[in-house]
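Everything below concerns the one structure shown next.
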Amino acid sequence: MPASETKARARTVLTRRFGHDDFQTGQWEPIRAVLDGKDALVVMPTGSGKSLIYQLPALLLPGLTVVVSPLIALMKDQQDKLAEQGVDALAIHSHLSTGEARETHRQLEEGEGNILYL
């Protein structure tokens, strides 16, 4: 797909799911790399929109995006925000009850979820 079509598709998801009109400085280049199947190393300050760099491609690409996070509170916060935006985000961590963990495993086995936080 040509770069202009890819960016237009990405902007559509950006607007519809995340409520933003355009990308912040430094976001599009690593998003494009991920969409092209390339690696990207991104170092940005807090509040600069790093999470969108993996969240948006997770909605444009097939399969499950796995995000490894060291903070359960951050995972829960992002999972809740994504749910508000209609994104199927799942999480597995030590604060889940046995029943919640089983339900998450069932969802994964049935192909549910766009993003899995670990």
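The values are calculated or read from the model by the stated rules, or taken from the named source; none is laboratory data. These numbers were taken from a predicted model, which means no experiment stands behind them. Because the Cβ atoms are built from the backbone with ideal geometry, glycine has one as well, and the counts that use them run over all protein chains shown. Only protein heavy atoms, including side chains, enter the accessible area calculation; ligands, DNA and RNA are left aside. Shrake-Rupley method; radii C 1.70, N 1.55, O 1.52, S 1.80 Å.
Just add up the charged neighbours of residue 42: K/R +1, D/E -1, any other residue whose Cβ is under 11 Å from the Cβ of residue 42.
-1
Counting pairs of alpha carbon atoms under 8 Å apart in space and at least six apart in sequence, what relative contact order in percent does segment 1-101 give?
Dividing the mean separation by the residue count of segment 1-101 yields 21 percent.
Could you please state how large a percent of the accessible area of the chain is carbon and sulfur, counting protein chains only and using a 1.4 Å probe?
The value for the chain is 53 percent carbon and sulfur by accessible area.
Compute a Gaussian network model of the chain, connecting alpha carbons closer than 10 Å, and tell me which residue from 25, 15, 104 fluctuates the most.
25
Given the rule -39500 (n - 2.57) for each run of at least 4 DSSP H residues, summed and divided by the residues of the chain, what is its mean residue ellipticity at 222 nm, to the nearest 500 deg cm²/dmol? Provide the component values of the computation, followed by the final result.
Numbers: 5 runs with 60 residues, N = 118.
The per-residue figure over the chain is -16000 deg cm²/dmol.
Using unit Cβ charges (K, R positive; D, E negative) and no other charged atoms, how large, in debye to the nearest 20, is the dipole of the chain about its Cα centre?
About 260 debye.
Compute the distance in nm between two label points, each set 7 Å from the Cα along the Cα-to-Cβ direction, one at residue 73 and one at residue 102.
For residue 73 paired with residue 102, the spin-label model returns 3.1 nm.
Taking a ≥ b ≥ c as the square roots of the Cα gyration tensor eigenvalues, with a/c under 1.5 meaning rounded and otherwise prolate when a/b beats b/c, else oblate, which class fits segment 65-107?
oblate
Amide H neighbours of residue 90 under 5 Å, at least 5 residues apart or on other chains, H built in the peptide plane: list them.
Amide H neighbours of residue 90: 114, 115, 116, 117.
Taking 0.36 nm per residue of separation and subtracting the Cα-Cα distance, what length does fully extending residue 118 through residue 61 add?
Answer, rounded to one decimal: 18.6 nm.
Just to make sure I understand: if all protein chains stay in place, what is the order of 71, 64 by accessible area at 1.4 Å, largest first?
So the residues, ranked largest to smallest area, are 71, 64.
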